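Undergrad: Sharing a structure with you now.
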Amino acid sequence: MFKYVKKAVEKIDGLALVTGNEKYTDDFSFDKMLYVSVLHSGYAHAQIEELDDSAARKIPGVVEILSYNNVNTILYTTAGQGFPEPSPYDTILFGKTMRFVGDNVCAVAAETKEIADIALKKIKIKYKRLKPLLNFEQSDNSKIIIHKNDGAFPKIPVYYDASKNIAAMVEAEAGDFEKAFGESKNKIEKNFYVSYASHCALEPHAAVSYIDNRGRLVIISTTQVPFHVRRIVSHVAEIPISKIRVIKPRIGGGFGGKQEVLLEPIAALVTWRTKRPAKLVYSRKEVFNSTRTRHQYKTVFKVGFQDNGIITALHLDALENSGAYGSHALTVLSNAGSKTLPLLNKIENLKFTGKGVYTNLPCGGAYRGYGATEAYFGYGQIIDMVCEATNNNIVEYYKKWSIKSGETSPIFKALGEGKEGVAMTITSSSLEECLETGSKEFHWNEKKKLYDSNFNKGKRIKRGVGMAALMQGSAIPEIDMASAYIKMNDDGSFNLNIGATDLGTGSDTILAQIAAEVLDVPVEKFIVTSSDTDFTPFDTGAYASSTTYLTGQAVKKCAENIKEQILKVGAEILGVIQNEVEIENEQVITKPGFADFRKISFAEICNYSFYQNNQFQIQATASHVSPKSPPPFAAHFVEIEVDTFTGIIKVINYVAAVDCGTPINPILAEGQAEGAIVNGISYALVENYYFSEYGKLLNDTFGKYGVYTASDIPPIKVILIDSYEETGPFGAKSISEININGPLPAIANAFFNATGKRLFKSPFTPEDVLKVLKG
Amino acid sequence: MKIKFNINSKIEELEIRPDATLLNVLRDNGFTEVKCGCSEGECGACIVLIDDKTVNSCQVLAMSAASKKIKTVKGIGTLHNPHLLQKIFASTGADQCGFCSPGMVLSAYSLLKENPNPTEKEIAEALDGNLCRCTGYVKIIEAVRRTAQIMNENLISRE
């Protein structure tokens, strides 16, 4: 059916990546470049009473020092979101109040990195230490107020109360939860906790800036959101947007961690003031301590259900630790409800309440899964508990009660991105097939039966299986916009320019495949330029599982326009009318049935339009905003071993059946799923932030933090089961985020299957597992 | 001070500081294919071969590598003349962001020279010092396995 779509086309940058030929931000250097180092707060909560940089300025080679002494106080949010941002304006580039260990104090630019680092130590700072607020469950009752009299405000009209440490609040209800729950015969109420996590993109955050030949500022950055960087740098550094160009070269992974404007304003200010190139690259410790994290969450689930397992009432109450600043606080919180509660859409009484609170701990931000991961830990276990209590086969239960094509959920309308959401009917889902095929591949029924029997009795190593069904979204409906530009060249090749940001996901390739399919031209005929605010049209950026679905549709529309132009010129050359011709293999040909077969190649068509008659450039641009956010779906199955002596959980088998609509590039789609699953497993078992009693992160290295390596992974099988999403390009939906949501609930359910005990707090460290087994 | 290095079979005379790491010397002199992910010897992005052994270049002083053969990923294959491993990495989807790829490819290269027919477990163990956050390692292990298979079937040199 397809020629270039649904094909495992090699990434267009693949060979350049694996031969080390591609350039990343830190690979760019310029003559007379300054090196920038940032001083971060060592205190979780403190007031700077005096900052004296006179000694540091005397060090030879120190060129500029930025601090509150010479940088204007401008409130903004570091969240790289659409404007106006749904995150509160509560951040100052260099303020006087330090709100977490890792907060910005000041920055030094010097001739070498060594000099900059020495100079940092010579800056005399008089701190007044304040009592830190480190327990997010006590935040809204605390006497410690994190954002006191600093003018922090919400940019959009939403509830926000800094005087109570409330960074975000969300409520939504469908039906009458209290009444239905009160009348329920069977009830479960449980609290779940998930931990902080670091994205651990292999490339640390970096920004390099310089002034171009005409006096404009160019910023090369490890960003997922070049256009938001341009806008936010303009605001914070007080430089007109027209004077700023942002380029994202290759980027060493993002996962949401680079949807945050952190380093760019600092490099920009150094360059703008000194008129010299500047480079700022964070160390791994700085990435852990100062950049953004997955939010720590407490979720409280209440369900009421009938003896047959039908849930009549469900309430999810989420408490989010936003950390020192409210970046993404509101939208991650909303997603905790909006990406979970519609899954079992036949529950008549649904309620979501959520609060994001400030603490003196590292800031949360965007992280693959974006609230859904945090909420699925409890959601997936609660459903398992109901099924176990009512003797329901959980796979059949999900098949029966999950949202289906043609159905809707009131939650879609009730919960949006800081405002009301968008009502939506599901038009594509293969979740039932995912559940069916996944369970067969995994041998779910056989294994479940075996481990439900007395198989584990008396054994040290106990085995169990667990599963979870999942959904996410594809782009932010009626908010995010993507656009594309295509022009034709005289050898029949095309330039495809997109603002979209390939983070290594392969979106440059996927978008070229979409254009190739429309124009019936091989992928290698597309010269793809992406993520340069001077040369590519606007795109909100790589987040919210959007690029394939949203930018893909913009590319498709754009290519369709080009196709019309090519057909018109082709028909003109062939001397026929336009509806007598069609496109095939880089040619315009007369349709079958036309008496005298004629054809003309794309190269000849472009030459004609350049040099011969009715001359013009065959070119087009198109934009796209999605009216909906069609969810991808997935069914995850896991088998584990629990060593009851050591508390070690070992994943021994993982199967994920995933509906991402049409997988435009199946290998890249599988890669997204596999990467997300492994990150999800290590998040479930290992990853956490451990803090000192003063709020200092203790495990701020890869080794202490515990990123999984090749020898830690179990056998993983990803099965893509197509559906066809009519609003997506060639039927595509998203796949980047959804699969990180599965391991937490699936492993916890498998643990229950193995041991009869529940895990309510992640990660499932051996110490905690032993406590659970004993308690 | 000026020191002569043998990098990718070419003699390069480089100005270095006595306390400079090999990673910094390489990157400062244009060998940006050697990546820096942590500077703590924990991620493997900066792996190079020194006398055919994989080494985290952030953990050795440049001086100590002066008389030895240094190979970066470009030393085994380039964009226009890629090594089979690199071709298979690209065609298998073993590269996502590509930041770990130079180190990962070198670890795999070193493994296949020592063990032409590794099991999956041996592959995973050989790559244990290389972190990747994108792929979940599934396609990386697959790429190494496939490369070994093709080399063995066609008796292709592992160089």
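Undergrad: Can you tell me which residue within the stretch A:415-443, out of those that are in contact with a helix residue (DSSP H, G or I) (Cβ under 6 Å, 6 or more places away or on another chain) and modelled with pLDDT of 95 or more, is most open to solvent (accessible area, probe 1.4 Å)?
TA: Within the stretch A:415-443, the first condition is being in contact with a helix residue (DSSP H, G or I) (Cβ under 6 Å, 6 or more places away or on another chain), and the residues that meet it are A:415, A:417-418, A:421, A:423-424, A:432, A:435, A:439.
Remaining after also requiring modelled with pLDDT of 95 or more: A:423-424, A:432, A:435, A:439.
Values: A:A423: 67, A:M424: 16, A:E432: 87, A:L435: 0, A:S439: 17 Å².
Once the filter is applied, the top-ranked residue is A:E432.
Undergrad: Kindly indicate which of A:N749, A:N739 is in contact with a strand residue (DSSP E or B) (Cβ under 8 Å, 6 or more places away or on another chain) and either at pLDDT below 95 or within 14 Å of chain B (Cβ to nearest Cβ) (or both). Show your work before the answer.
TA: Working: A:N749 fails: either at pLDDT below 95 or within 14 Å of chain B (Cβ to nearest Cβ) (or both).
Answer to the selection: A:N739.
Undergrad: Quick check on the stretch B:96-122: of everything there that is in contact with a helix residue (DSSP H, G or I) (Cβ under 7 Å, 6 or more places away or on another chain) and small (G, A, S), which residue is nearest to the other protein chains (Cβ to nearest Cβ)?
TA: Taking the stretch B:96-122 first, the residues in contact with a helix residue (DSSP H, G or I) (Cβ under 7 Å, 6 or more places away or on another chain) are B:96, B:98, B:101-102, B:104-109, B:111-112, B:115-118, B:120.
Cutting the leftovers down to small (G, A, S) gives us B:98, B:101, B:107-108.
Details: B:G98: 3, B:S101: 5, B:S107: 9, B:A108: 10 Å.
Once the filter is applied, the top-ranked residue is B:G98.
Undergrad: Follow-up. Quickly run through the stretch A:256-282 and pick out the residues that are crowded, with 24+ Cβ neighbours inside 10 Å, of a type in the set (S, T, N, Q) and in contact with a Leu (Cβ under 8 Å, 6 or more places away or on another chain).
TA: A:T271, the sole residue that qualifies.
Undergrad: Among the strands (runs of 3 or more DSSP E) contained in the stretch A:284-361, which hold 2 or more residues that are farther than 21 Å from A:H147 by Cα and among the β-branched types (V, I, T)?
TA: Answer list for the stretch A:284-361: A:296-305, A:311-323.
To keep it simple, each residue is scored yes or no on (1) among the hydroxyl-bearing types (S, T, Y); (2) open to solvent by 10 Å² or more (accessible area, probe 1.4 Å); (3) within 18 Å of A:A732 (Cβ to Cβ).
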| position | (1), (2), (3) |
| --- | --- |
| A:L496 | no, no, yes |
| A:T509 | yes, no, yes |
| A:Q513 | no, no, yes |
| A:L519 | no, no, yes |
| A:D534 | no, yes, no |
| A:P537 | no, yes, no |
| A:A544 | no, yes, yes |
| A:V555 | no, no, yes |
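Undergrad: Would a scan of the stretch A:12-19 turn up a residue that is farther than 30 Å from B:A90 by Cβ and either outside any loop (DSSP other than H, G, I, E, B) or free of Cβ contacts under 8 Å to residues at least 60 places away in the same chain (or both)? Even if it seems obvious, please write down each step before you answer.
TA: Our first condition is that a residue be farther than 30 Å from B:A90 by Cβ; within the stretch A:12-19, this holds for none.
Scanning the stretch A:12-19 turns up no residue that is farther than 30 Å from B:A90 by Cβ and either outside any loop (DSSP other than H, G, I, E, B) or free of Cβ contacts under 8 Å to residues at least 60 places away in the same chain (or both).
Undergrad: Go through the stretch A:339-359 and count every residue that is within 20 Å of the chain's Cα centre (by Cα) and open to solvent by 10 Å² or more (accessible area, probe 1.4 Å).
TA: 1
Undergrad: While we're here: Inside the stretch A:234-279, can you point out the residues that are in contact with a Lys or Arg (Cβ under 8 Å, 6 or more places away or on another chain), away from chain B (no Cβ under 14 Å) and of a type in the set (K, R)?
TA: A:K243, A:R245, A:R276
Undergrad: Does any residue of the stretch B:10-24 turn out to be within 13 Å of the chain's Cα centre (by Cα), open to solvent by 20 Å² or more (accessible area, probe 1.4 Å), not charged (D, E, K, R) and not assigned by TED's automatic domain parsing to the domain that holds B:L106? I'd like the intermediate steps shown before the answer.
TA: Keep residues of the stretch B:10-24 that are within 13 Å of the chain's Cα centre (by Cα), which gives B:23.
From the residues that got through so far, the ones that are open to solvent by 20 Å² or more (accessible area, probe 1.4 Å) too are none.
No, every residue in the stretch B:10-24 fails to be within 13 Å of the chain's Cα centre (by Cα), open to solvent by 20 Å² or more (accessible area, probe 1.4 Å), not charged (D, E, K, R) and not assigned by TED's automatic domain parsing to the domain that holds B:L106.
Condition check ((1) open to solvent by less than 10 Å² (accessible area, probe 1.4 Å); (2) farther than 29 Å from A:S474 by Cβ) across all residues:
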position	(1), (2)
A:I735	no, no
A:I738	yes, no
A:P743	yes, no
A:F760	no, yes
A:T765	no, yes
A:V769	yes, yes
A:V772	no, yes
A:G775	no, yes
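Undergrad: Name the single residue, out of those in the stretch B:123-159 being open to solvent by 70 Å² or more (accessible area, probe 1.4 Å) and assigned to a helix (DSSP H, G or I), that is nearest to the other protein chains (Cβ to nearest Cβ).
TA: If we take residues in the stretch B:123-159 being open to solvent by 70 Å² or more (accessible area, probe 1.4 Å) and assigned to a helix (DSSP H, G or I), then B:E125 is nearest to the other protein chains (Cβ to nearest Cβ).
Undergrad: Ok, one more. For A:K128, state whether it is open to solvent by 100 Å² or more (accessible area, probe 1.4 Å), under 22 Å from A:T73 (Cα atoms) and either in a strand (DSSP E or B) or aliphatic (A, V, I, L, M) (or both).
TA: Values: open to solvent by 100 Å² or more (accessible area, probe 1.4 Å): yes; under 22 Å from A:T73 (Cα atoms): yes; either in a strand (DSSP E or B) or aliphatic (A, V, I, L, M) (or both): yes.
Judged against the criteria, A:K128 is a match.
Undergrad: Another question about this same structure. Any idea which of A:E420, A:E433, A:E407, A:E441 is of a type in the set (D, E) and more than 26 Å from A:A475 (Cβ to Cβ)? First the steps, then the outcome.
TA: Working: A:E420 fails: more than 26 Å from A:A475 (Cβ to Cβ); A:E433 fails: more than 26 Å from A:A475 (Cβ to Cβ); A:E407 fails: more than 26 Å from A:A475 (Cβ to Cβ).
The conditions single out A:E441.
Undergrad: Any residue in the stretch A:442-462 that is over 24 Å from A:A635 (Cα atoms) sitting within a Cβ distance under 9 Å of a residue that is in a loop (DSSP other than H, G, I, E, B) and open to solvent by 90 Å² or more (accessible area, probe 1.4 Å)? List the pairs, counting only those 6 or more apart or interchain.
TA: A:R460/A:F645; A:I461/A:F645
Undergrad: Within the stretch B:54-86, how many residues turn out to be facing chain A (nearest Cβ under 7 Å), open to solvent by 10 Å² or more (accessible area, probe 1.4 Å) and in a helix (DSSP H, G or I)? Steps first, answer last, please.
TA: Here is the first cut: in the stretch B:54-86, the residues facing chain A (nearest Cβ under 7 Å) are B:72-74, B:77-79, B:82, B:86.
Subset that is open to solvent by 10 Å² or more (accessible area, probe 1.4 Å): B:74, B:78-79, B:82.
The next check asks that each one be in a helix (DSSP H, G or I); those that pass are B:74.
Going through the stretch B:54-86 one residue at a time, the tally reaches 1.
Undergrad: If only one of A:I383, A:I403 is in contact with a strand residue (DSSP E or B) (Cβ under 9 Å, 6 or more places away or on another chain) and either open to solvent by 60 Å² or more (accessible area, probe 1.4 Å) or part of a loop (DSSP other than H, G, I, E, B) (or both), which one is it? First the steps, then the outcome.
TA: Details: A:I383 fails: either open to solvent by 60 Å² or more (accessible area, probe 1.4 Å) or part of a loop (DSSP other than H, G, I, E, B) (or both).
Matching residue, one of A:I383, A:I403: A:I403.
Undergrad: I'd like to check something: does the stretch A:459-476 contain any residue that is buried (at least 22 other Cβ atoms within 10 Å of the Cβ) and β-branched (V, I, T)?
TA: yes
Undergrad: Give all pairs with beta carbons closer than 7 Å in which a residue from the stretch A:708-720 that is within 7 Å of chain B (Cβ to nearest Cβ) meets a residue that is open to solvent by 30 Å² or more (accessible area, probe 1.4 Å) and among the charged types (D, E, K, R); count only pairs at least 6 apart in sequence or on separate chains.
TA: A:T709/B:D128; A:A710/B:D128; A:S711/B:E125; A:S711/B:D128
Undergrad: I'm trying to understand the selection: among the residues of the stretch A:609-640, which are surrounded by fewer than 19 Cβ atoms within 10 Å (Cβ to Cβ), more than 18 Å from A:V521 (Cα to Cα) and in contact (Cβ under 8 Å) with a residue 12 or more places away in the chain?
TA: A:F610, A:N613, A:N614, A:Q617, A:T621, A:S623, A:V625, A:P627
The values are calculated or read from the model by the stated rules, or taken from the named source; none is laboratory data. Keep in mind that what you see is a predicted model, and the values were worked out from it rather than measured. As a convention, Cβ positions derive from the backbone with ideal geometry for all residues, glycine included, and neighbour counts pool all protein chains shown. Quick note on the areas: whole protein, heavy atoms, side chains included, nothing else; ligands and nucleic acids left out. Shrake-Rupley method; radii C 1.70, N 1.55, O 1.52, S 1.80 Å.
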